[in-house]
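Nothing in this text is a laboratory measurement; each read-out follows from the coordinates by a stated rule. These numbers were taken from a predicted model, which means no experiment stands behind them. Ideal geometry is used to build each Cβ from the backbone, glycine not excepted, and the neighbour counts take in all protein chains shown.
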Amino acid sequence: MATHHSQGSVVIGDDVHVNSAAGDEELLIIGQEHHHYPLPIIPALYTKLLILIVLPAGGFLVPVFQHSSPGTTDAFSALQYLHVVIWGFVMALTWYIKAEHKKSRILGYHDFYNMTRHLHRVTFYILSGGNVILIVLGSLVKDYCLGDSTSSCSMEISLTPVNYQQIIFIMEIFFAIPFVIKHIVDVVRFNVADSPPDTLAEDVALRFTHPDSYVGVRGPSNLEWVLERQADLLQVLRYRNSVLTQQVYMLSQQIQHA
């Protein structure tokens, strides 16, 4: 926050004119312009995409190295551990991405938050479902497969326990990667758009009073949409009020020490 004193003026952001006790006009500028706030999550999304690609690659490479290293953990257990590790990394990235999206919502980007609110969670849900399936698979292997992880479980089907894991990994990636790519595309477009917060758009009053005129809102959902929109607007205003209060306090401290 840049400040300077020039002819009784203090400059810190937007133009607000106030009169001092001496009658001189002071210029108080508070940084409350409707700037665009891009989401800094592109590296995290690319990291998530890379981690997802590692999962099926590891599913086919780990058995090769485990088979050539007797006496170590068998391939089936190693792939179980690999999946849990990948799931942990995706969970951490999901928390970070979710926090950034919530921050964007507080700053007023209600429409974009609603458009992407499920994208950053889908991958985590898919891998969590994969964990459940792998747990069940582990019990089935223990109960019905008498050989090792590279031996077929039945005479009719020549698939091994590791083959079942590889199929699960491929299915997870097949469903998860399109959502990650769509998320990346949406965030890139949002960052490039350089648009102001939609919650404080000029037509916000019209959206509240005539929600039928807003694209995508109609019928019984009007009341729920209006209440959600008002809650978001109040959250944005509280945040801006907090920022403004901090700036006024810092300004008053600077004036006292001037």
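Where does each of 113-119, 44-50 land if you order them by average Cβ count within 10 Å, highest first?
So the peptides 113-119, 44-50, ranked by packing, come out 44-50, 113-119.
By its C-alpha gyration tensor, with a ≥ b ≥ c as the square roots of the eigenvalues, how is the range 47-112 shaped: rounded for a/c under 1.5, else prolate for a/b larger than b/c, else oblate? Prolate.
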